[in-house]
Amino acid sequence: MAKKRIVVLYGGMADEHPISCISAASVLRAIDMERYEVIPVGITRKGQWIVDGEDPKAWKLGTSDLPSVEITKNSRPVLLDPALGCDGFFAGEHEDLKNPANGYGTNFVSMSGIDPEKHNVVCSLGHVDAVFPVLHGPFGEDGTVQGLFEMMKVPYVGCGVLASSVCMDKHFTKILLQAAGIDVAPWITLDTREFDSDSAFERNAMGILAQVQRAELAYPLFIKPSRAGSSFGVTKVESGDGADARSQLASAVFEASRHDWKVLIEEGIDGREIECAVLRDVPAEQTRTSLPGEVVLDSRSHGEDDAFYDFDSKYMDESASHVEVPASLPQEILERVRTVAGKSFDAVDGMGLSRVDTFVRPDGSVMVNEINTMPGFTSISMYPKAWEATGIPYSKLITMLIDGVLN
């Protein structure tokens with residue numbers, strides 16, 4: 001059987017750039033090379049698509065320097081001709097990266113419109129059967145890349161444009177889930193575009209606090225960007241009491257606004273954070289859910305009660321947390337989490353894969369926190385670990401996701 005040519009896309013312009021690199025490294029080490037011919041395509045932080053850069057398979061979790069897609073002496077620009085669809089992937093020469101004014105200056109090109117006197121040699125990357133966009137955050141997980149491949153009629157792994165864009169925006173995720181009768185944490189959304197950044201929002205502190213009070217949100221509060229992931233810009237505010245309470249709240253909103261002008265203030269939930277992996281690799285099949293898992297913060301076991309699952313816990317410090325699948329909960333509650341996760345995935349018109357993060361409250365009720373349409377694929381990530389515990393090994397999971405879009 002001829003190998004299928006698969007583009008694995010990683011990096012990107014989002015804050016989650018290094019996490020995408022680490023996830024892609026794990027995917028590339030585990031993908032079935034006897035089944036697929038893989039073309040790793042990196043996207044720099046400036047948005048340049050390249051091949052033949054640093055080998056991403058060498059990137060690992062927990063190193064002091066986070067990986068990044070950089071232009072090397074062997075890098076070549078990737079050029080797309082949307083009109084050619086699966087045959088529209090090309091590579092230029094390194095000189096085009098160094099001299100964009102004399103090269104292409106963009107990742108989009110029409111093969112019929114090339115002036116050979118102005119451009120270097122262009123070669124086809126071959127017929128691409130599918131793309132696996134291992135991209136996290138804006139410009140990759142938010143429907144933008146998905147829309148590009150839809151226009152090119154190129155099969156791709158993961159959720160479509162609607163689900164990707166809705167789930168990237170926590171505000172609209174909540175609205176859609178509420179409409180489907182699914183419980184979500186109480187929240188308010190702030191538009192910070194006209195806030196006073198010169199004072200780090202200190203001059204807006206009274207107004208922010210007033211909105212929290214009108215919404216009757218209970219502390220602790222979590223302040224987070226609406227359209228960012230991996231806990232970037234997330235701050236926990238413990239109390240609204242005390243002379244500096246307003247300042248703490250304003251400072252937290254300011255920090256979140258550095259990642260997105262749309263900021264959520266969300267009521268902290270008294271419950272355990274339980275995550276469930278969801279899979280629908282073939283459109284005609286029913287949504288499948290994994291055994292739910294729990295990320296246990298080992299720092300909490302050492303008395304740090306205010307710890308939460310931040311960026312370092314997820315990606316930089318392997319000793320900070322560990323994954324337990326299935327979570328230590330009664331079977332009835334585990335099944336309830338699976339039901340809610342599947343219903344949530346269907347409510348947003350999910351496809352391919354997602355990780356649904358929930359809160360299980362002391363009374364056993366389940367509330368959805370968020371949906372990640374391209375969850376982390378690192379060696380300690382919940383999504384692959386949950387499926388492994390449910391009976392689908394990592395390499396087979398990747399094969400299922402790719403083959404599902406090839407049919």
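The values are calculated or read from the model by the stated rules, or taken from the named source; none is laboratory data. All of these numbers come straight from a predicted model, not from anything done at the bench. Cβ coordinates were reconstructed from backbone atoms using ideal geometry, including for glycine residues, and neighbour counts include every protein chain displayed. Quick note on the areas: whole protein, heavy atoms, side chains included, nothing else; ligands and nucleic acids left out. Shrake-Rupley method; radii C 1.70, N 1.55, O 1.52, S 1.80 Å.
With N residues in the chain, what two-decimal value do you get for its Cα radius of gyration over 2.2 N^0.38 Å?
That works out to 1.02 for the chain.
How far is helix 17-30 tilted off the main Cα axis of the chain, in degrees rounded to 10, range 0 to 90?
60
Could you check the spin-label model distance between E202 and E285? Points 7 Å from the Cα along Cα→Cβ, value in nm.
5.7
DSSP loop GluC sites (Glu not before Pro) in region 1-75 with at most 16 other Cβ atoms within 10 Å of their Cβ, which ones?
Filter output for region 1-75: E34, E70.
Here is the link list: K224/K262; K46/K170; K4/K396; K57/K153; K174/K262; K262/K343. Which ones come out longer than 18 Å on Cα distance?
Those over the limit are K46/K170; K57/K153; K262/K343.
For region 125-130, take each phi angle, set θ = phi - 60°, evaluate the Karplus expression 6.51 cos²θ - 1.76 cosθ + 1.60, and give the result in whole Hz per residue in order, putting x for glycine and proline.
Computed from phi, the couplings for region 125-130 are 8, x, 5, 8, 7, 6 Hz.
Per residue, how much accessible surface does the chain expose to a 1.4 Å probe? Answer in Å², no decimals.
I get 44 Å² per residue for this part.
Considering only protein heavy atoms and a 1.4 Å probe, what is the carbon-and-sulfur percentage of the accessible area of the chain?
Here carbon and sulfur together make up 49 percent of the probe-accessible area.
Given 37 °C and 0.692 mPa s, compute D for region 190-251 with the Stokes-Einstein relation, Rh being the Kirkwood radius over Cα pairs; round to the nearest whole µm²/s.
Rounded to a whole number, D works out at 266 µm²/s.
Enumerate the lysines that K60 could reach by cross-link, defined here as Cα to Cα under 16 Å, with residues fewer than 8 away along the same chain left out.
Qualifying lysines at Cα under 16 Å: K314.
With a 10 Å cut-off between alpha carbons and a GNM built on the chain, which of S165, S321, S365 moves the most?
Largest GNM mean-square fluctuation: S365.
How big is the antiparallel share of DSSP beta bridges in the chain, given as a percent to the nearest 5?
Once the DSSP bridges in the chain are tallied, antiparallel ones form about 75 percent.
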